[in-house]
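Since the structure comes first, as structure tokens, the remarks are kept for the end.
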Amino acid sequence: MGALVGKLAEVMPEAAGQPEEEIYLWPDCAQAWDVFWQLKGQWHSGGMGGRTGLSLACVRAHLDELGVDPGPERRELWQLLLDAQDAALETWAQLRERDAA
């Protein structure tokens, strides 16, 4: 689990030094989780507002490089990546609100 906290600390410095928490990942989501972390440097930034979303062109290129052919599997992976993006953006917004208070 230390590796997960280390990964979180890369994109969320406030996660460093936090107590470890057990997190469960469904096997069906493992590929999307791995690809999401591989894309950690592909976020658009909006200046003072922080990250605004993944570069979808980079996501497509990365899926091509991984050899994920067009079809149902790729569409499902794409949707899981968008869901993860939305969850990350929502969490970062909540952290900004908390820090502003």
Legend entry - Added length on full extension, which subtracts the Cα-Cα distance from 0.36 nm per residue, residue 65 to residue 37: 8.6 nm
Inset, instruction - Quick one: grab the alpha carbon gyration tensor of the stretch 18-101, order the square roots of its eigenvalues as a ≥ b ≥ c, and give me rounded if a/c is under 1.5, else prolate or oblate depending on whether a/b is larger than b/c. - result: oblate
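None of the figures in this text is laboratory data; all of them are computed from the coordinates on show. The shown structure was predicted, so the numbers you read here are calculated from the model rather than taken from an experiment.
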